[in-house]
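The values are calculated or read from the model by the stated rules, or taken from the named source; none is laboratory data. Predicted, not measured: the structure shown is a model, and the values here were computed from it. Because the Cβ atoms are built from the backbone with ideal geometry, glycine has one as well, and the counts that use them run over all protein chains shown. We work out accessible area using only protein heavy atoms, side chains counted, and drop any ligands, DNA or RNA first. Shrake-Rupley method; radii C 1.70, N 1.55, O 1.52, S 1.80 Å.
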Amino acid sequence: MKKRLLFSIVIVSLLIFSLPVSVLAEQGGDIVILYENDVHCEIEGYSALSAMRNELKQEYNHVGIVTSGDFLQGGSLGSISRGEYVVRLMNLVGYDAIALGNHEFDYGLDRLYELADMLDTKPVCANFKKIGAGEIFEPYSIVSYGEVKIAYIGITTPGTPDKTSFPMQFMDENKNPLYTFCKTDLARVVQENIDKARAEGADFVVALSHLGDGKEDGYNAIDLVRETVGFDVVLDAHSHSVIESDTLIDKGGNEVLYTSTGTKFANIGKLTISGDRITTELIPLENYSTTDPVVDGCIDQIMTEYAEVGNKKIAACAFDLITHDSEGNRIVRVGESNLGNLISDAFRHVLGADIAYFNGGGIRSHIESGDITFHDLLNVLPFNNTGVVVEVSGKTVLEMLEASVSKWPEENANFPHVSGLSFSVNTLGEANSRVYNVEVLNSESGKYEPLALDKTYTVASNNFILLENGDGMTMFAGAEVVSDTGILDVEVLERYVVHHLGGVIDDRYAQANRRITFTEGIQTDPPYVTDGDHTIWILAVGGVVALALIALTVSSFVLSQKAKGKK
């Protein structure tokens with residue numbers, strides 16, 4: 001009997017330990033980590049994320065949530081609350097680990113520290129350091145799921161100083177660097193933390209990487225894996241790539257799972273750990289309709305507050321900023337307006353480019369005189385496009401201008417509203433050969449100089465034009481991206497109005513500046529010069545005055561000679 005009992009126990013034990021992974025999963029033996037990246041203030045997705053986690057908890061004992069960054073910026077809700085609304089939702093959902101993207105720095109370091117203090121789960125970042133003082137945030141965190149320990153290492157793109165709206169926050173008054181993102185020794189810094197996490201007992205090491213898979217910053221997650229040993233999984237962000245499951249090979253020849261969800265909750269990632277086996281999949285949010293009522297209630301409250309905050313005065317203007325003329329004709333697609341001048345100046349000044357171009361089709365509403373609210377600005381620029389700066393040749397600038405006036409006098413969505421630039425249009429010319437007398441502001445001398453076709457210029461506009469080549473602006477395809485800021489176009493305008501103009505839109509914008517001149521035929525001399533803020537007429541007014549003075553002088557001379565003759 002004892003032998004039979006012992007034999008039965010052995011058989012049952014063998015059956016239990018030979019159960020397939022799917023059966024163990026049903027018993028809650030697996031660990032599931034939901035992951036997202038580049039949410040960019042798409043707050044409705046947090047309700048679905050929370051609901052999905054709650055559903056999975058019915059099946060698995062251990063379900064976590066992590067992010068690879070860029071959650072604070074990219075929507076007006078984020079801008080108006082300077083990130084606080086998003087933090088509130090993330091705390092409600094509950095995160096196991098949070099990495100920082102470059103856009104977490106958009107509101108300035110002081111604000112980032114405030115938001116980090118508000119977060120229930122503190123951010124991790126291994127490669128953001130104050131020079132001479134070490135890490136600002138913990139480089140990694142180790143989270144236990146039953147007896148299994150997972151280390152999450154945060155890694156932020158070394159290109160952050162060029163990818164945020166306040167690059168000077170990382171420098172002193174002499175432009176010497178105060179902080180570093182370890183661009184030259186990133187692999188060494190990360191490897192040190194992988195080794196430390198392993199030494200502390202981590203069973204798995206997961207990179208919460210905000211590096212991307214492109215070469216925009218000169219370094220990407222693929223490069224990092226090739227130069228390190230010890231990652232099991234890389235949950236990547238920054239490039240907005242949709243990668244369900246890929247395999248990279250690390251420095252030691254080991255396989256590393258690589259994945260990314262896209263952007264704005266297009267997908268929620270699901271990482272499953274079954275023993276030593278790791279898998280990833282992406283769940284499209286369009287196929288998932290369940291939401292969390294508690295999170296929905298928080299979103300409703302945030303929307304109520306957002307409406308109240310958005311109606312507060314942020315600036316004032318004594319005149320209308322127009323999109324239509326007095327007869328109701330829409331002018332922003334056929335000519336300049338004072339509002340178009342304001343927007344293009346905002347893009348040039350805030351984003352720090354040589355030239356700014358804004359498409360007339362993107363200007364959707366006027367602003368009446370009086371107090372101006374954030375919602376007024378949002379009505380003008382409602383598409384949630386973001387500010388981008390590219391580097392192109394003068395030849396490309398000329399192609400941009402030709403394309404944008406090619407249909408004149410018909411309405412055209414890409415009609416140009418420009419800053420740092422003036423030009424003339426020969427209305428009798430053929431399409432794509434109308435533009436002449438193009439001049440670009442020299443920011444050092446404050447004077448305008450002829451456009452040089454072989455010279456390189458920086459151009460600021462929105463992502464729709466520069467990255468997606470919308471409205472037929474294909475000349476920007478393949479342009480060198482200097483800065484993909486992620487800053488909403490409405491926030492670019494807000495910053496200019498509030499910080500550069502001091503909350504008062506002054507008389508320089510009372511009328512259109514006439515940065516574009518339409519002529520029948522080609523005139524040798526431009527009819528005006530502009531300093532980018534004011535227009536100074538030198539032919540239409542000054543020339544007339546000068547001729548009148550000459551005529552008066554000649555007349556006086558003739559009369560005096562006649563008087564002498566009479567004597």
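Of all the residues in region 73-90, those that are open to solvent by 20 Å² or more (accessible area, probe 1.4 Å), part of a helix (DSSP H, G or I) and without any contact (Cβ under 8 Å) to a residue 40 or more places away in the chain number 1. In region 162-204, the residue that is farthest from ARG277 (Cα to Cα) out of those that are without any contact (Cβ under 8 Å) to a residue 60 or more places away in the chain and among the β-branched types (Val, Ile, Thr) is THR180. Residues in region 453-493 that are free of Cβ contacts under 8 Å to residues at least 24 places away in the same chain, under 26 Å from THR157 (Cα atoms) and open to solvent by 40 Å² or more (accessible area, probe 1.4 Å): GLU468, ALA477, GLY478. Looking at GLY328, GLY335, which one is small (Gly, Ala, Ser), part of a loop (DSSP other than H, G, I, E, B) and open to solvent by 40 Å² or more (accessible area, probe 1.4 Å)? None of the others qualify; the one that does is GLY328.
Taken together, the residues in region 205-219 that are open to solvent by 10 Å² or more (accessible area, probe 1.4 Å) and either hydrophobic (A, V, I, L, M, F, W, C) or touching a residue at least 12 places away in the same chain (Cβ under 8 Å) (or both) amount to 6.
For SER209, the stated conditions hold: it is within 16 Å of GLY101 (Cβ to Cβ), in a strand (DSSP E or B) and not aliphatic (A, V, I, L, M).
To keep it simple, each residue is scored yes or no on (1) among the acidic types (Asp, Glu); (2) touching a Pro at 6+ places or on another chain (Cβ under 8 Å); (3) within 27 Å of ALA199 (Cβ to Cβ).
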| position | (1), (2), (3) |
| --- | --- |
| LEU92 | no, no, no |
| TYR95 | no, no, yes |
| PRO123 | no, no, yes |
| GLU135 | yes, no, yes |
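Would region 436-445 turn up any residue that is surrounded by fewer than 17 Cβ atoms within 10 Å (Cβ to Cβ) and assigned to a helix (DSSP H, G or I)? Within region 436-445, none of the residues are surrounded by fewer than 17 Cβ atoms within 10 Å (Cβ to Cβ) and assigned to a helix (DSSP H, G or I).
Anything in region 395-448 that is among the basic types (Lys, Arg), more than 23 Å from LEU339 (Cα to Cα) and more than 30 Å from the chain's Cα centre (by Cα)? List them, or say none.
Taking region 395-448 first, the residues among the basic types (Lys, Arg) are 395, 407, 434, 447.
Retained after the next criterion (residues that are more than 23 Å from LEU339 (Cα to Cα)): 395, 434, 447.
Matches in region 395-448: ARG434, LYS447.
How do the strands (runs of 3 or more DSSP E) wholly within region 345-396 filter down when requiring 3 or more residues that are under 15 Å from ASN463 (Cβ atoms): which remain? Outline the logic, then answer.
Numbers: elements: 355-359, 370-373, 386-393.
Correct list: 355-359, 386-393.
Kindly indicate whether GLU281 is over 22 Å from LEU257 (Cα atoms) and open to solvent by 50 Å² or more (accessible area, probe 1.4 Å).
Values: over 22 Å from LEU257 (Cα atoms): no; open to solvent by 50 Å² or more (accessible area, probe 1.4 Å): yes.
So GLU281 fails the test.
Contact map, region 31-56: first residue farther than 30 Å from ILE487 by Cβ, second residue charged (D, E, K, R) and open to solvent by 10 Å² or more (accessible area, probe 1.4 Å), Cβ cut-off under 6 Å, separation 6 or more or different chains; pairs are ALA51/ASP292.
Residues in region 8-46 that are in contact with a helix residue (DSSP H, G or I) (Cβ under 7 Å, 6 or more places away or on another chain), within 19 Å of ASP70 (Cβ to Cβ) and either at pLDDT 95 or above or assigned to a helix (DSSP H, G or I) (or both): LEU34, GLU36, VAL39, ILE43, GLU44, GLY45, TYR46. HIS500 passes every criterion in (1) over 23 Å from ARG333 (Cα atoms); (2) within 17 Å of the chain's Cα centre (by Cα) apart from (2). Could you pull out the residue among TYR219, TYR306 that is under 30 Å from GLY360 (Cα atoms) and either in a loop (DSSP other than H, G, I, E, B) or touching a Ser or Thr at 6+ places or on another chain (Cβ under 8 Å) (or both)? Answer to the selection: TYR306. Considering every residue within region 410-427, establish whether at least one is more than 30 Å from GLY486 (Cβ to Cβ), open to solvent by 20 Å² or more (accessible area, probe 1.4 Å), out of contact with any Asp or Glu (no Cβ under 9 Å at 6 or more places or on another chain) and in a loop (DSSP other than H, G, I, E, B). Taking every residue of region 410-427 in turn, at least one turns out to be more than 30 Å from GLY486 (Cβ to Cβ), open to solvent by 20 Å² or more (accessible area, probe 1.4 Å), out of contact with any Asp or Glu (no Cβ under 9 Å at 6 or more places or on another chain) and in a loop (DSSP other than H, G, I, E, B).
Answer with yes or no whether SER461 is modelled with pLDDT of 95 or more, part of a strand (DSSP E or B) and of a type in the set (S, T, N, Q). Against the criterion (modelled with pLDDT of 95 or more, part of a strand (DSSP E or B) and of a type in the set (S, T, N, Q)), SER461 qualifies.
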